[in-house]
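Enquirer: My structure is below; once you've seen it, I'll send some questions.
Values in this text are rule-based calculations from the coordinates and carry no lab data. What you see is a predicted model; the values in this text were computed from it and never measured. Cβ placement follows ideal geometry from the backbone for every residue including glycine, while neighbour counts extend to all protein chains displayed.
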Amino acid sequence: MNDVTASAASAASGSPDDRRPADPTGTATGRVVLLTTSHRVAPGLLSWPAWEALRTADRVLCADGAHPQLPYLREAGITVEEAAPTAEELVAACAGGRTAVVVATGEGEPALTDGLARLAGSGRVALPELELLPASYDLPGARLLDLVQVMDRIRAECPWSSRQTHRGLAKYAVEESYELVEAIEDGDRDELREELGDVLLQVVFHARIAQEDEEAPFSVDDVAATIVAKLIHRHPHVFGDATATTPEEVKEHWLRTKAAEKRRESVTDGVPLHQPGLALAAKLASRVRTADLDVPMPAGAGIGYDLLALAARAEQEGVDPEAALRAAARAYRDAIREAEGLPAHPTDTVDR
């Protein structure tokens, strides 16, 4: 059910006796169908019950003459009246057993449903049968369409956002990624949800900027299509005939297909050198181990070489050196707070 249908659901709820007081005249009171649709689904893609209700209705009404569904309804031969009846007018329209379908606007029909609720509460009017009929439902991921639309408008109308470039936004991608990692390690699910959204914003923002490139434009749909194709190609055990029963076999498939795609000369190709030092050292050690190469640690004196050896050892033991160092740094922070006579940091009480 869409958010805008809450008032309609409230008006249509309750026992049948609450919604349809006894009709002393014995006259059939008819039926009101409030038809709701999702703007995140292409207009015209309605459920079969919705089309049946529209086809068999005595009257179909819609207060919004620009409703995106109207051209498709009319193309299907449905006569739609552009009208916003009051609750009393709608009840009268259903007298004699007739059915009226109201195509709800984007805001729902609060005035109408409130009016019907008042009539039902008075007990003096025999109301028609009230039905809330969702004609289309949001698919999983549908709210991403809202994000794309909001980003389009912000890019066009916001004085700051309209001037941003890929290079200018790069630092925010790094910052948001670190904040996401912090939320994960703190075990804060509310923060996790928010930080995932902030990271997602970076993707959509960069894709929106890329649309304006005169030489090689691409959109968020191109970004999604690229990663979908990559995931399918690198999971032949899911989408193809290959077999993988262990995580190790899955990783083997992934690395083999990735190597074929990239056609790299060295196992170090593609390793981003601007990532944190410990992560960089561990990634290089991982590439060496995966390729089964025998590469001794470079000879050298100083803390850098010591850290390199520690990072390589951590990777060999299956430990993320960055995460391990952050955990140790948190313990150090706690010791500092204790020395200052301060209570433990709030995140210390979170189960990690």
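Enquirer: 222 nm [θ] for the chain, helices only, -39500 (n - 2.57) per DSSP H run of 4+, per residue, to 500?
Expert: Details: 15 runs with 185 residues, N = 352.
For the chain, the value works out to -16500 deg cm²/dmol.
Enquirer: What is the angle, in °, between the Cα long axis of helix 189-210 and the longest principal axis of the Cα atoms in the chain? Nearest 10 is fine, range 0 to 90.
Expert: Helix 189-210 sits at roughly 90 degrees to that axis.
Enquirer: Which of the peptides 336-344, 231-239, 125-133, 65-73 is most tightly packed, and how do the rest follow, judged by the mean count of other Cβ atoms within 10 Å per residue? Intermediate results must be reported in sequence, preceding the final value.
Expert: Values: 336-344: 9.6, 231-239: 14.0, 125-133: 20.0, 65-73: 15.9.
Highest-to-lowest ranking by the protection proxy: 125-133, 65-73, 231-239, 336-344.
Enquirer: Let me ask something else about it. For an R0 of 41 angstrom, estimate the FRET efficiency from the Cβ-Cβ distance between Asp190 and Ala95 and round to the nearest 0.05. Kindly include the intermediate steps, with their values, before the conclusion.
Expert: Numbers: r = 52 Å, r/R0 = 1.26.
Efficiency for this residue pair is about 0.20.
Enquirer: Work out the FRET efficiency for Leu145 and Gln211 from their Cβ-Cβ distance, taking R0 = 25 Å, and round it to the nearest 0.05.
Expert: 0.95
Enquirer: Taking H as built 1.01 Å from N, whose amide H comes closer than 5 Å to the amide H of Ala291, not counting residues under 5 places away?
Expert: It is none; the list stays empty.
Enquirer: If you stretched the chain out fully between Ala344 and Lys251, how much longer would it get, using 0.36 nm times the residue separation minus the C-alpha to C-alpha distance? Write out the running numbers ahead of the final one.
Expert: Values: separation 93, 0.36 × 93 = 33.48 nm, distance 4.04 nm.
Roughly 29.4 nm would be gained on extension.
Enquirer: Now, a different point. Once both axes come from the Cα atoms, what is the angle between helix 220-233 and the longest principal axis of the chain, in degrees from 0 to 90, rounded to 10?
Expert: Rounded to the nearest ten degrees, it is 60.
Enquirer: For a quick check, take a GNM of the chain with Cα springs below 10 Å and name the residue from Ala328, Ala210, Ala142 with the largest mean-square fluctuation.
Expert: In this elastic network of the chain, the residue with the biggest mean-square fluctuation among Ala328, Ala210, Ala142 is Ala328.
Enquirer: Sticking with this structure for a sec: Which residues' amide hydrogens lie under 5 Å from the amide hydrogen of Val60, considering only partners 5 or more residues apart or on another chain, with H built in the peptide plane?
Expert: Distant-sequence amide H within range of Val60: Glu81, Val101.
Enquirer: Next up: Using the Karplus curve 6.51 cos²θ - 1.76 cosθ + 1.60 with θ = phi - 60°, what ³J(HN,Hα) values do you get for each residue of the stretch 271-283, in whole Hz, with x for Gly and Pro?
Expert: 7, x, 7, 8, 6, x, x, 5, 5, 4, 4, 5, 5
Enquirer: Report the full-extension gain for the segment Asp138 to Lys171: residue separation times 0.36 nm, less the Cα-Cα distance, to one decimal in nm.
Expert: Details: separation 33, 0.36 × 33 = 11.88 nm, distance 3.41 nm.
So the chain would gain 8.5 nm between Asp138 and Lys171.
Enquirer: Next question. Might you report the magnitude of the Cβ-based charge dipole of the chain about its Cα centre, with Lys and Arg at +1 and Asp and Glu at -1, to the nearest 20 debye? Don't jump to the answer; show the numbers that get you there.
Expert: Numbers: 36 positive and 58 negative charges, 120 e Å.
Dipole magnitude for the chain comes out near 580 debye.
Enquirer: Shape of the stretch 278-352 from its Cα gyration tensor (a ≥ b ≥ c, root eigenvalues): rounded if a/c is under 1.5, otherwise prolate when a/b > b/c, or oblate? Mind dumping the intermediate values first?
Expert: Numbers: a/c = 5.27, a/b = 2.18, b/c = 2.41.
It is oblate, given that a/c is not under 1.5 and a/b is not larger than b/c.
Enquirer: By how many nm would the segment from Asp294 to Ala76 grow when fully extended, if each residue of separation counts as 0.36 nm and the alpha-carbon distance is taken off?
Expert: On the way: separation 218, 0.36 × 218 = 78.48 nm, distance 7.05 nm.
Result: 71.4 nm gained on full extension.
Enquirer: Does anyone have the angle between helix 143-157 and the longest principal axis of the chain? Alpha-carbon axes, 0 to 90°, nearest 10?
Expert: It is inclined by approximately 80 degrees.
Enquirer: Another question, if that's okay. What percent do you get for the relative contact order of the stretch 140-218 when only Cα pairs under 8 Å and 6+ apart count? Don't skip to the answer; put the middle values down first.
Expert: Details: 40 pairs, mean separation 24.4, N = 79.
Reported as a whole number, the value is 31 percent.
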